[in-house]
1. Could you check the range 64-168 for helices (runs of 4 or more DSSP H) lying wholly inside it with 2 or more residues that are more than 22 Å from Asn40 (Cβ to Cβ) and aliphatic (A, V, I, L, M)?
2. Is there a residue in the range 35-43 that is touching a Gly at 6+ places or on another chain (Cβ under 9 Å) and not polar (S, T, N, Q)?
3. Show the residue pairs meeting these rules: Cβ distance below 8 Å; 6+ apart or different chains; first residue within the range 76-97 and charged (D, E, K, R); second residue outside any helix (DSSP H, G or I).
4. If we keep just the residues of the range 49-60 that are in contact (Cβ under 8 Å) with a residue 24 or more places away in the chain and in a helix (DSSP H, G or I), which is surrounded by the most Cβ atoms within 10 Å (Cβ to Cβ)?
Amino acid sequence: MTGLSIVLAAVILTALSIALFRRLASRLDAEACTAEWLDNFSTADYAPMRRLFNDMDFEFLASQPGYRPEIAKQLRSERRQVLAGYLQLLTSDFNQLHAMAKLMLVYSREDRPDFGKALLWQQITFYYAVTAVRCRLTLMPLGWTAPDVGKLIQPIESMRLQLQQMAR
């Protein structure tokens, strides 16, 4: 019976992964795939994401007169919602960059099969990282630590630089 349970769990996990992958990949504004968008895009917009769960903010809050633990709990809840919003924007921007990279690959004068494989791998690892951050966010009220969002920004910055080099 244990083997059947493992197989069933693997099938369910695979189905959920495929559904999540498709949902994340569908966040794309095809009309925004322009050189102007790429020139104006910056990962600096996501810098506040890294500071949402900074312990210093909560220590400062705790030192204020009238502080109650419910206030910190409410602030953490609101910041989880803010981070979820950032994740949606980040995924959308990743999809924009990814779509532009695929277009550049298709219309490139030279064949680049390794770049195509790298794009697919980058997409899979990015979506996995987003999913991991979302899971940690969901589990934070149960005592889990805040997710490390820096790992999400680096692949986007790397892809942006690659695209700018290819565009020249």
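The values are calculated or read from the model by the stated rules, or taken from the named source; none is laboratory data. From a predicted model like this one, the values you see are computed outputs, not experimental measurements. Cβ atoms come from the backbone with ideal geometry, glycine included; neighbour counts cover every protein chain shown.
1. 69-106, 113-139
2. no
3. Note: pairs meeting the criteria are Arg76/Phe53; Arg79/Leu52; Arg79/Phe53; Asp93/Phe41.
4. Per the criteria, the residue is Met49.
Residue-by-condition table, conditions (1) at pLDDT 90 or above; (2) touching a Leu at 6+ places or on another chain (Cβ under 6 Å):
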site: Gln88; (1), (2): yes, no
site: Thr91; (1), (2): yes, yes
site: Gln96; (1), (2): yes, no
site: Asp111; (1), (2): no, no
site: Asp114; (1), (2): no, no
site: Leu119; (1), (2): no, no
site: Ala129; (1), (2): yes, yes
site: Arg134; (1), (2): yes, no
